[in-house]
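Okay, so here's the structure we're looking at.
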Amino acid sequence: MQLLKRIFLACGQPYGTHPNAYAILGDEAVVLIDSGTNEAELKVIQRNLSAWGLSGYPISHLLLTHSHFDHSGNAHAFRAKGAEIAAGPGDAEGIELADERVIPYCYEETFVPCRVDRKVKDGDVIQAAGLAFEVLHVPGHSSGSVAYRLTIDGQTVLFTGDALMAGLHGEAKLGARIAADYSPDEYLRSLKRLASVEADAVLAGHYLPCLQGASGLLKSGYRTGLLELRSPHAANAAD
């Protein structure tokens, strides 16, 4: 599914898969955001790249938003084909060690460890296929969750992973709070930070793309965080 001029949804809900992954066409190469879970989702990504005429380009980089299995499970397969792998602080080590940071207890599969070529930190800029991805460290959902901000074809796109998502009715949704390194305090600080970020589109780890009103979604995410993270009992009473 083509979302913007050079950005495609490579797997996700429209294809019957749980996590989203994105493909961005740069200068003679493709950059992926997240990798899907397993071989079945890898085949979905490969099929879609072929359908859009992108399979003839090398995948130069795979930028992981966080370590969880459903986002990094195929990292090893893309690295074997030459992609440079990037991930955030702490999460990168989890991917390399296949430890509890990939939440393997949520899946009936074996996570394949993968070397991470670049362990990114807040403020880093990744130059990939002629594109510049700014790294925003947004811990909480996991300790090393990162968002990637990209300006492309006159638009600013924010890839938020599971830190903040647009639900089926456009409402702000938070990622599952099940990881051992989940931190409600850090999560709330990250949402407050994201509320001040300007973007034209938010492309998240699950649910729907937000292609209009993205800055409003980022602001409402902090309100959702205040309800669900600071006062969990209030979330049940909220509209």
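Only the coordinates and a few stated rules stand behind these numbers; no lab work does. Predicted model only: the values in this text are computed from it and were never measured. All Cβ positions, glycine included, derive from the backbone under ideal geometry; neighbour counts span all protein chains shown.
A compact table of results
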item: On Cα atoms only, tilt of 39-51 relative to the major axis of the chain in degrees; result: 70
item: Residues Lys219, Lys192 arranged by fewest to most Cβ contacts within 10 Å; result: Lys192, Lys219
item: Student exercise, segment 35-126 dipole from Lys, Arg, Asp, Glu Cβ charges, in Debye to nearest 20; result: 420
item: Residue of Gly161, Gly130, Gly221 that the Gaussian network model of the chain assigns the largest fluctuation, springs spanning Cα pairs under 10 Å; result: Gly130
item: Debye, to nearest 20: dipole size of the chain, +1 on Lys, Arg Cβ, -1 on Asp, Glu Cβ; result: 400
item: Under-5 Å amide H pairs with Ala199, H placed in peptide plane, nonlocal only; result: Ser215
item: Under-5 Å amide H pairs with Ile59, H placed in peptide plane, nonlocal only; result: Val30
item: Acute angle (nearest 10 degrees) that the helix 214-225 long axis makes with the longest principal axis of the chain, alpha-carbon atoms; result: 50
item: Farthest positive-ward along the chain dipole, Cα basis, beta-carbon charges - from Pro209, Pro104, Leu63; result: Pro209
item: Order of Leu158, Leu227, Leu136 - criterion: other Cβ atoms within 10 Å of each residue's Cβ, fewest first; result: Leu227, Leu136, Leu158
item: Shape category assigned to segment 52-165 from the gyration tensor of Cα positions, a/c cut at 1.5; result: oblate
item: Top of Ala147, Ala166, Ala132 by mean-square fluctuation, Gaussian network on the chain, Cα under 10 Å; result: Ala132
item: Cα-based helix-to-principal-axis angle, 184-194 vs the chain, degrees rounded to 10; result: 70
item: Tyr207 long-range amide H proximity, modeled H, under 5 Å; result: Gln13
item: Taking Lys173, Lys81 and counting other C-beta atoms within 10 Å, the order from fewest to most; result: Lys81, Lys173
item: Estimated vicinal HN-Hα couplings, Hz - segment 90-104 in sequence order (Karplus 6.51, -1.76, 1.60; Gly, Pro = x); result: x, 4, 4, 5, x, 5, 6, 9, 6, 9, 5, 5, 8, 6, x
item: Net +/- balance of residues flanking Trp52 in space, Cβ distance below 13 Å, scoring K and R +1, D and E -1; result: +3
item: Charge sum, other residues only, whose C-beta stays under 14 Å from Met165's C-beta, Lys/Arg counted +1 and Asp/Glu -1; result: -3
item: Global geometry of segment 172-223, whether rounded, prolate or oblate, following the gyration tensor of its Cα atoms and the 1.5 cut on a/c; result: oblate
item: Of [x] 1.04; [y] 1.11; [z] 0.93, the label for Cα Rg over 2.2 N^0.38 Å derived from the coordinates; result: [z]
item: Of the chymotrypsin sites (Phe, Trp or Tyr not before Pro) in segment 44-153, those whose Cβ has at most 10 other Cβ within 10 Å and which sit in DSSP loop; result: none
item: Helix-only CD estimate at 222 nm, as mean residue ellipticity for the chain, using -39500 (n - 2.57) per DSSP H run (n ≥ 4); result: -6500 deg cm²/dmol
item: Among His169, His137, His66: highest mean-square fluctuation, GNM of the chain, C-alpha pairs under 10 Å; result: His169
item: Value of relative contact order over the chain, rounded to a whole percent, pairs C-alpha under 8 Å and six or more apart; result: 15
item: Burial ranking of peptide ranges 41-47, 122-128 (average Cβ count within 10 Å, highest at the top); result: 41-47, 122-128
